[in-house]
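Okay, so here's the structure we're looking at.
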Amino acid sequence: MTAAKPLGPAPLDFPTFLTARVIFDTTIPLYFARIGRGLLLAGLFRDRAVIPQAVRNELHGLANDYPQVRTLLEPKCFARIVNQTDEEWLTEVDKWLRGWKGVEVWEEIPNGDDRGEAECLVLCDRLGLQMVAQDNKALRGAIPKQIQVFSAIHVCLALKAKGGFSAEDAWRIYLELTAEGLHAAVGYGVKADEIAASNARFMALAAQVKP
Amino acid sequence: MAAEPRGQEAAEALRHRLDLGHGYVDVFRVIADLNIELYRGTFEGALDGAFLRKDRADFVFVNSNGSLTRQRMTAAHELGHAQFAVEDGEGVFEDTDGDDPEEKDAYEFARHFLMDARGVREQVAGVEDQLHRVAVVASHFVVSPAAAAIHLKLLGEVEPSFADTLIGKLRSQEVKAGDLLRCFGLSSTFTEPLSAPAMIDGAHRQRAIGAYAQGLLTFVGLADSLVLSPEETANLLVAEDLPVRDDDAPLGKEFEAELILG
């Protein structure tokens, strides 16, 4: 008997990413804000960005350590905040948290930082949204649900497509993000022995993306 | 005689009015059905929840920084406040164990709304063992075993001394909620960490391994779910022909998705 081929990540529909509603996990907005580029996201995803309440809470908390994060939240949040409250929702979110963190999340203790990713996955599943995230848990969790997960590299491609950036400037933003501490997107490593190939791949893609 | 209905009466009246029967209720859905605005969020400090009546509209706030059982109890408690007379513009903020009559009524309402007395008695009928009774009620009504023990004590369904001793052990974690349920073959999605590997049933084990295989469960999560040491977990994965993953390591090419540009 032949083993079934493992399910891979969902193909990413980039044209839709440029026009449809997308949901953000905390990480990528955080790093855009940390390099002083939070407003880029607000402009690029104007009126179509969504964040769950947990991501808003995480960003609000992070603003204590990184004041630049306030540019994402004030005077107007860069994304529409979705706050689901039904018990089915809570149960679905808790299932993800249990999967990632073990059963301790069922104790009467705070859920910690992973709630944002969990709420994003459940909302994507419910509302058919694409997701912007660069988190191992989110990427793994998206596969069985076939949720499209775009990374910082795709956001930078979108800067070329819609943000008026050249390919070189968009790549530079990606390097700034990783230099700030964002881990590299899958396939776009920035270590010394990877960066040239990553840059070449990005430029090849950017050449196909028309402004 | 009190001018306001007592908690139990109010809870039973609301269950009856909404035709909820005597079993488990989704308290969040009830709040929505009653057109009460529900807000969940993480609050600073020890605030569990709040209730506010403003311009003849009711608002319930629940601190989401806790387990589902706790959030359910808080939501039911705040729903209780909504059942009693609160002047427009007044609110109730729960950050302490209040002793005033309104708080007591709201707590009583919450217990009875989540664990209807008739429903509880139906569940424990024929169950002799007191510990088993607590586990049955906690599992069926999705409440913490401590809440179930308090309720059963007040309903006279377990001995007060037994309940008090159990509650003390649960609070000190000498007894784990998950163990308590599992040792009676029960489960709840809202239990504490397991501490007895022998109690883990085969279906749970297979579900956990399947979740790991799909990437839904991290290595640490799998070890925690099965109450295994890292070494035992690694051995299990080798036996199951599954890779031992480093949860924080960069993901490989298999996680790179095809990009459709046009």
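Other chains near A:135-147: what is the mean number of their Cβ atoms within 10 Å of each residue's Cβ?
What the average comes to for A:135-147 is 4.
Using the count of nearby Cβ atoms within 10 Å as a rough guide to exposure, how do B:24, B:107 rank from fewest to most?
The most exposed by this proxy come first: B:24, B:107.
Return the long-range amide H neighbours of residue A:84 (sequence gap of 5 or more, or a different chain), with a cut-off of under 5 Å between placed amide H atoms.
Close amide H contacts, sequence-distant or interchain: A:53.
Within straight cross-link reach of residue B:169, meaning Cα distance under 23 Å, which lysines are found once same-chain residues fewer than 8 apart are removed?
Leaving aside lysines fewer than 8 places away in the same chain, those within reach of residue B:169 are B:153.
As a check on your grasp of the helix formula, calculate [θ] at 222 nm for chain A: sum -39500 (n - 2.57) over DSSP H runs of n ≥ 4, divide by the residue count, round to the nearest 500.
For chain A, the value works out to -15500 deg cm²/dmol.
Using the per-residue mean of other Cβ atoms lying within 10 Å as a proxy for protection, in what order, highest first, do the peptides B:211-218, A:85-92 fall?
B:211-218, A:85-92
Please compute the average number of Cβ atoms from other chains found within 10 Å of each residue's Cβ in peptide A:81-93.
Averaged over the peptide's residues, the number is 5.
Counting other C-beta atoms within 10 Å, which of A:124, A:77, A:156 has the fewest, and how do the rest follow?
A:77, A:124, A:156
Pull out a ≥ b ≥ c, the square roots of the eigenvalues of the alpha-carbon gyration tensor of region A:115-211, then state rounded if a/c is under 1.5, prolate if not and a/b is larger than b/c, and oblate in the remaining case.
prolate
Report, in whole Å, the centroid distance computed from the Cα atoms of region A:168-189 and region B:116-135.
Here the answer is 59 Å between Cα centres.
Between residue A:208 and residue B:102, what is the label-to-label distance in nm when each label sits 7 Å out along the Cα-to-Cβ direction?
6.4
Could you tell me which of the pairs A:137/B:176; A:145/A:210; A:145/B:253; A:162/A:191; A:137/B:253; A:95/B:176 are separated by over 22 angstrom between their Cα atoms in the structure shown?
Too far apart for the 22 Å limit: A:137/B:176; A:145/A:210; A:162/A:191.
What does the C-alpha gyration tensor say about the overall shape of region A:14-150? Classify as rounded when a/c is under 1.5, otherwise prolate if a/b is larger than b/c, or oblate.
Cα axes put region A:14-150 in the oblate bin.
Could you tell me which GluC sites (Glu not before Pro) in region B:100-139 are loop residues by DSSP with no more than 13 other beta carbons within 10 angstrom of their beta carbon?
Counting only loop positions with at most 13 other Cβ atoms within 10 Å, the GluC sites (Glu not before Pro) in region B:100-139 are B:128.
Quick note: the coordinates plus some simple rules give every number you see, no bench work behind them. Here the structure is a predicted model, which is why all the values come from computation and not from measurement. Cβ: placed from backbone, ideal geometry, glycine included. Neighbour counts: every protein chain shown.
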